[in-house]
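The values are calculated or read from the model by the stated rules, or taken from the named source; none is laboratory data. Since we're looking at a predicted model, the values are computed, not measured. Here the Cβ positions follow ideal geometry from the backbone for every residue, glycine too, while neighbour counts run over all protein chains shown.
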Amino acid sequence: MSFDTNSRYNYNFPTSIRFGKGVIDELGPHLKEQGLKKVLIVSDAGLVKLPVFENVLKMIRTSGLDVSVFSEIAKNPVKSNVLKGAECFHQTGCDSIVGFGGGASMDVARAIALKVHHKLDLFDYDDAIGGDRFVTEAVPYFVTVPTTSGTGSEVGRSTVIADDVTHEKKILFSPRLMAKKVFADPELTMGLPAFVTAATGIDALTHCVEAYLAKGFSPLCDGVALEGIRLIAESLEKATLNPDLESRAKMMMGALMGATAFQKGLGIVHSLAHPLSTLVDMHHGLANAVMIPYGMEFNASVSNQRMKTIAETIGLKNATAEGFISWLRELNQKLGIPQSLKDLNVNASHIEKLADLAIKDPCHGSNEKTVSRQDFFKIYQDAIK
Ligand SMILES: [Fe+2]
């Protein structure tokens, strides 16, 4: 891609990040320093039962703050989760919010942070209808603590919340929704089971790859994406099959970098993956993992050069687009990711609906190669064989 000297661009890089083993111990003192009195911790029902969560509560209390916990979060968060959480914030007299967990906890925490001082219906803030212009009020002090290395939502400024009845997903977006501080402590991910590590890890890899291949001019994002790919390529297998702190730390950094880079855009793989979650409730990372080789095969004719650079970056002997795609297939195999959608309860009867949803998905808008509904149909068909 030639260097664009004719246009004007905006680049925004993320919030303040505290990264490293043990930084979680700084959370309580940090909240105290801000003069806060009572924090609402938003997390999922599984996580709040673990000793690590108990320890965090203890540490915050020892720092002199009160704590309330909200954990009524669906796997794919819905509006009623957010409304209940906002009610909990007011009823318990909180002044700040900590999102603690994976993507769903972050999304609900961020949406609660929006809702508590914004009086319109939650979906009036839908980004698709220009709702970000109504995000004008103060947002409570908001901190994120990731416990998975995948979505990178901890550094994001948007949240995806579904309608309880229609399951239609809405994106609520505003730079005001960025966390004031991220505490990214790789030790918190040490207990993640292999499947979650693999699936969320491939999500992070897909963010980096799609951001790097996306249309648009952002040397800043390209650099971040490539280094993210390198870190993930050298650590995902180990982090999944035989984890140590270094591999988990590299994955956590790669996930932060993926979400930082994808402000440039995503691509065809996310548009193939989203309908699989909507229609058959497939884990987002797993859907990306199965679809990324197919998406890259489609892209290879146009994104050949950039895929070659990725292959060089990760040190492949066959440093070509084909070499990169073979590497993706081998990685999936090592991680136990199925090659075909038919192993994940998807069959030919789903393809029409999947293609309808995929073409409507906004992510492929930044894919370098234009994608038609027919293309999506054919890719799903190939992935089911
Ligand atoms: Fe993703």
Please report, ordered by residue number, the helices (runs of 4 or more DSSP H) entirely within segment 184-286 with at least 3 residues that are small (Gly, Ala, Ser).
194-213, 219-233, 245-261, 268-280
Looking at 43, 80, 68, 63 in this structure, which one is touching a Pro at 6+ places or on another chain (Cβ under 8 Å) and either aliphatic (A, V, I, L, M) or within 28 Å of residue 117 (Cα to Cα) (or both)?
63
Condition check: crowded, with 21+ Cβ neighbours inside 10 Å, over 19 Å from residue 277 (Cβ atoms) and out of contact with any helix residue (DSSP H, G or I) (no Cβ under 7 Å at 6 or more places or on another chain). Does residue 188 satisfy that?
no
Determine whether segment 235-254 contains at least one residue that is farther than 27 Å from residue 147 by Cβ and either more than 16 Å from the ligand (Cβ to nearest atom) or without any contact (Cβ under 8 Å) to a residue 60 or more places away in the chain (or both).
no
Among (1) more than 12 Å from the ligand (Cβ to nearest atom); (2) closer than 14 Å to residue 209 by Cα, which single condition is residue 262 missing?
(1)
Within 16 Å of the ligand (Cβ to nearest atom), over 22 Å from residue 170 (Cα atoms), small (Gly, Ala, Ser) and under 19 Å from the mean Cα position of the chain (by Cα): is that true of residue 228 in this structure?
yes
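Conditions tested, residue by residue: (1) more than 18 Å from the chain's Cα centre (by Cα); (2) modelled with pLDDT of 95 or more; (3) within 27 Å of residue 259 (Cα to Cα); (4) small (Gly, Ala, Ser).
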{"site": "40", "(1), (2), (3), (4)": "yes, yes, yes, no"}
{"site": "60", "(1), (2), (3), (4)": "yes, yes, no, no"}
{"site": "71", "(1), (2), (3), (4)": "yes, yes, yes, yes"}
{"site": "76", "(1), (2), (3), (4)": "no, no, yes, no"}
{"site": "80", "(1), (2), (3), (4)": "yes, yes, yes, yes"}
{"site": "91", "(1), (2), (3), (4)": "yes, yes, no, no"}
{"site": "110", "(1), (2), (3), (4)": "no, yes, yes, no"}
{"site": "115", "(1), (2), (3), (4)": "yes, yes, yes, no"}
{"site": "121", "(1), (2), (3), (4)": "yes, yes, no, no"}
State the number of residues belonging to segment 293-325 that are of a type in the set (Ser, Thr, Tyr), under 26 Å from residue 275 (Cα atoms) and within 25 Å of the chain's Cα centre (by Cα).
2
Would it be correct to say that residue 289 is within 16 Å of the ligand (Cβ to nearest atom) and of a type in the set (A, V, I, L, M, F, W, C)?
yes
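If you scan segment 135-158, which residues turn out to be part of a loop (DSSP other than H, G, I, E, B), surrounded by fewer than 22 Cβ atoms within 10 Å (Cβ to Cβ) and not β-branched (Val, Ile, Thr)?
Answer for segment 135-158, where residues must be part of a loop (DSSP other than H, G, I, E, B), surrounded by fewer than 22 Cβ atoms within 10 Å (Cβ to Cβ) and not β-branched (Val, Ile, Thr): 137, 138, 140, 157.
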Taking into account only those residues within segment 93-108 that are assigned to a strand (DSSP E or B) and buried (at least 24 other Cβ atoms within 10 Å of the Cβ), which is nearest to the chain's Cα centre (by Cα)?
101
Would you point out which residue out of 83, 50, 31 is farther than 16 Å from residue 110 by Cα, out of contact with any Cys (no Cβ under 8 Å at 6 or more places or on another chain) and crowded, with 16+ Cβ neighbours inside 10 Å?
31
Looking only at segment 287-321, which residues are free of Cβ contacts under 8 Å to residues at least 24 places away in the same chain, surrounded by fewer than 17 Cβ atoms within 10 Å (Cβ to Cβ) and not in a loop (DSSP other than H, G, I, E, B)?
304, 305, 312
Just wondering, is there one or more residues in segment 194-206 that are of a type in the set (Ser, Thr, Tyr), away from the ligand (no atom under 16 Å from the Cβ) and modelled with pLDDT of 95 or more?
no
